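Here's the structure we're looking at; comments come further down.
The values are calculated or read from the model by the stated rules, or taken from the named source; none is laboratory data. Everything numeric here is computed off the predicted structure, so don't read it as measured data. Heads up, the Cβs are rebuilt from the backbone with ideal geometry, glycines too, and the neighbour counts pull from every protein chain shown.
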Amino acid sequence: MAPSLLDIIDTLPKDTWGPPTTTATTLNGVPYAPFSKGDKLGRMADWTAEGKERERGGRQQYQQRYRDQIYGGGGPGGLQTVFNIEGQNEESTFSLVDRSQTNTRGGRGFSSRGSAIFRGRGGQRGAPMQRGGRGTYQRVGQRGGQQGYDSRGGRGGRGGRRFGWKDYDKPQRNREASVQPKDTWRMLEEIDFNRLSKLNLDTGAGEDLDDYGFLYYYDRSYDKQPGTATSIRKLHVLQRAAYDVSTSSDPVIQDLAERDEATIFATDNILSMLMCAPRSVYSWDIIIQKQGGKIFLDKREGSSVDAVTVNENAADAPLEVSEGNKDTINSPGALREEATVINNLFPLQAVLESETSRHDMSNEHPFYNAAEEADPPASKAYKYRRFDLSVEADPEPLHLVVRTELDAVVKNNISGEDQFLVIKALNEFDSKAQGAGGALDWRSKLASQRGAVVATEMKNNSCKLARWTVQAILAKADLMKLGFISRAGPKNNLDHVVLGVLGYKPREFAAQMNLNLNNGWAIVRTFVDIVMKENAGDAKYVLVKDPNKPTIRLYQVPKDTFEEDEGDDRAALGMDKVEEDGAEE
């Protein structure tokens with residue numbers, strides 16, 4: 001006879017209900033892992049897609065592998081437990097369920113050209129061509145049968161940057177520094193661009209101290225409709241005496257320093273590089289000399305500060321020959337040399353040379369000597385201007401004197417007064433070549449899509465255009481003329497044509513570029529304060545921009561740094577001249 005329910009209840013312990021209690025705090029042979037109430041369930045097994053994500057690899061596999069080290073019961077200090085390791089092995093065969101919404105409205109899922117356009121919420125894996133969202137790619141156009149994607153998630157235009165499906169794994173470029181630090185250099189400070197971009201210092205408009213040189217009048221025929229047949233003309237090579245004297249070698253600055261007109265001295269070319277440092281990508285260096293309580297922002301012989309870069313800020317900047325670039329004329333070094341020559345030639349051609357009709361400054365040219373020069377001087381005026389970098393906490397005023405440059409003068413159509421100009425040149429090498437940065441073809445688009453052409457140049461050459469704008473504002477120029485120079489042929493980097501010229505007011509152009517001069521002045525004041533606080537008396541410092549990171553480093557170097565190299569260069573040039581003279585005899 002089977003026992004009744006009452007008989008079963010009588011066999012149970014009288015003082016407890018449920019399983020018997022135990023005093024053991026751990027389970028024998030079973031590992032225990034603590035958990036957090038804040039853990040979220042963010043995964044679901046998809047048994048129909050087993051193994052697919054293992055074959056794809058990439059970002060999703062990376063997050064599957066390392067997610068459990070961030071979330072879940074990792075134990076004290078985030079250490080892994082047995083459960084974590086087992087979970088990783090099991091979840092490697094899982095994949096996320098596709099939560100994207102299937103488009104059921106006809107006509108929205110595909111474009112008229114037959115290329116699929118996926119619309120949905122960004123950030124979802126498995127949909128690399130969705131619009132919007134962070135970390136997604138979107139098809140922005142096709143050229144030559146290739147698909148282009150924009151990593152910003154917004155709508156792009158024709159010729160946008162082309163991405164591969166694993167473009168996020170593309171190795172970073174390793175550029176070389178403009179100067180290699182030595183063991184004798186002592187690093188004083190390392191500052192990243194994020195910190196520099198947050199600084200601000202209001203200096204005012206500045207005041208004129210003196211001016212030198214002369215200016216020819218600008219040729220207004222260059223202001224015709226750019227990009228048309230009547231505006232295109234050849235760029236000529238003119239032999240004129242031009243100078244790029246550094247700060248410490250300028251006799252006018254030396255005289256101003258002796259008269260104690262300021263504490264800091266610089267040229268507009270060097271100062272603009274430092275003020276626009278957060279926009280720079282390539283490496284550069286500036287010498288800071290401290291002598292007798294005065295600070296001189298200087299440069300070394302052959303410094304990259306004098307060079308004009310091309311597409312430095314482009315998302316797909318020009319490649320070096322060592323990086324696989326087969327077109328040597330389109331490498332960064334060759335493009336830099338080409339652009340520098342163009343910017344030396346175009347201001348000479350854009351003026352009307354006339355000895356009877358020119359604007360003479362208060363003093364004669366400070367560097368030209370007619371007895372020694374065979375070529376006539378170029379149209380150039382030098383204005384020495386002073387700015388106040390003081391703050392309320394300073395016991396004494398802190399002034400900076402900068403030598404600025406002007407290229408031409410033009411009559412105002414209404415008032416008839418002379419207006420000062422700064423003339424620069426943008427150059428086009430090949431709109432279809434690697435490194436073009438999605439630029440439009442200037443010959444066909446400059447007349448009809450002028451705004452798009454200029455906007456693309458602002459994006460690809462942000463640092464260069466910012467420096468030119470700063471130089472124009474420092475010189476108190478009324479207008480800034482930008483010439484658009486293109487090659488006569490895509491494979492010919494020696495012959496060029498002028499497609500047209502556009503004029504802008506420097507302050508308005510700076511607003512379009514979101515350029516803040518107060519931030520630039522604060523950057524200058526930051527490094528000046530570091531140098532002033534060093535109790536080393538007269539000393540030399542070198543400011544170097546890291547070639548691969550948005551970082552600037554300040555080194556204190558021996559006083560004879562770079563002087564031996566310059567002496568060797570001069571000696572080599574002298575020996576070459578002697579050999580040439582001997583060969584002629």
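On the given criteria, is residue 495 touching a Gly at 6+ places or on another chain (Cβ under 9 Å) and among the acidic types (Asp, Glu)? Considered against the rule, which asks whether it is touching a Gly at 6+ places or on another chain (Cβ under 9 Å) and among the acidic types (Asp, Glu), residue 495 comes out as yes. Hey, among the residues in region 535-562 that are assigned to a strand (DSSP E or B) and out of contact with any Leu (no Cβ under 9 Å at 6 or more places or on another chain), which one's nearest to residue 304 (Cα to Cα)? Filtering region 535-562 for residues that are assigned to a strand (DSSP E or B) and out of contact with any Leu (no Cβ under 9 Å at 6 or more places or on another chain), the one nearest to residue 304 (Cα to Cα) comes out as 545.
Region 305-421 holds strands (runs of 3 or more DSSP E) entirely within its bounds, and those carrying 1 or more residues that are surrounded by 21 or more Cβ atoms within 10 Å (Cβ to Cβ) map to 380-388, 399-406, 408-411. For residue 286, the conditions (1) in a helix (DSSP H, G or I); (2) touching a strand residue (DSSP E or B) at 6+ places or on another chain (Cβ under 6 Å); (3) closer than 17 Å to residue 268 by Cα are fulfilled apart from (1). Considering each residue of region 179-207, count those that are part of a strand (DSSP E or B) and either in contact with a helix residue (DSSP H, G or I) (Cβ under 6 Å, 6 or more places away or on another chain) or farther than 23 Å from residue 478 by Cβ (or both), and give that number. Here the count works out to 7. Annotation: residue 480 fulfils all but one of (1) surrounded by fewer than 23 Cβ atoms within 10 Å (Cβ to Cβ); (2) in contact (Cβ under 8 Å) with a residue 24 or more places away in the chain; (3) under 29 Å from residue 197 (Cβ atoms); the unmet one is (1). Every test in (1) outside any helix (DSSP H, G or I); (2) buried (at least 19 other Cβ atoms within 10 Å of the Cβ) is passed by residue 271 save one, and that test is (1). Checked against the criterion of being at pLDDT 50 or above, closer than 30 Å to residue 412 by Cβ and under 26 Å from the mean Cα position of the chain (by Cα), region 216-224 contains not a single residue that satisfies it. Restrict the check to region 208-215 and report whether at least one residue is in a loop (DSSP other than H, G, I, E, B) and surrounded by fewer than 19 Cβ atoms within 10 Å (Cβ to Cβ). For region 208-215, residues in a loop (DSSP other than H, G, I, E, B) and surrounded by fewer than 19 Cβ atoms within 10 Å (Cβ to Cβ): absent.
When 429, 420 are checked against the criterion of being more than 26 Å from residue 316 (Cβ to Cβ) and hydrophobic (A, V, I, L, M, F, W, C), a single residue qualifies: 420. Among the residues making up region 496-534, a single one is part of a loop (DSSP other than H, G, I, E, B) and basic (Lys, Arg): 505. As for region 474-481, it holds at least one residue that is under 30 Å from residue 188 (Cα atoms) and assigned by TED's automatic domain parsing to the domain that holds residue 209. Can you pull out every residue in region 216-263 that is assigned to a loop (DSSP other than H, G, I, E, B), among the hydrophobic types (A, V, I, L, M, F, W, C) and closer than 30 Å to residue 401 by Cα? Scanning region 216-263 gives 242, 245, 262. Got at least one residue in region 447-469 being β-branched (Val, Ile, Thr), in contact (Cβ under 8 Å) with a residue 24 or more places away in the chain, assigned by TED's automatic domain parsing to the domain that holds residue 336 and under 26 Å from residue 283 (Cβ atoms)? Yes, that holds for at least one residue.
One residue stands out among those in region 524-550 that are of a type in the set (A, V, I, L, M, F, W, C) and closer than 20 Å to residue 177 by Cβ: the one that is surrounded by the most Cβ atoms within 10 Å (Cβ to Cβ), which is 527.
Among what's in region 502-517 and is small (Gly, Ala, Ser) and touching a residue at least 12 places away in the same chain (Cβ under 8 Å), pick the residue that is surrounded by the fewest Cβ atoms within 10 Å (Cβ to Cβ).
503
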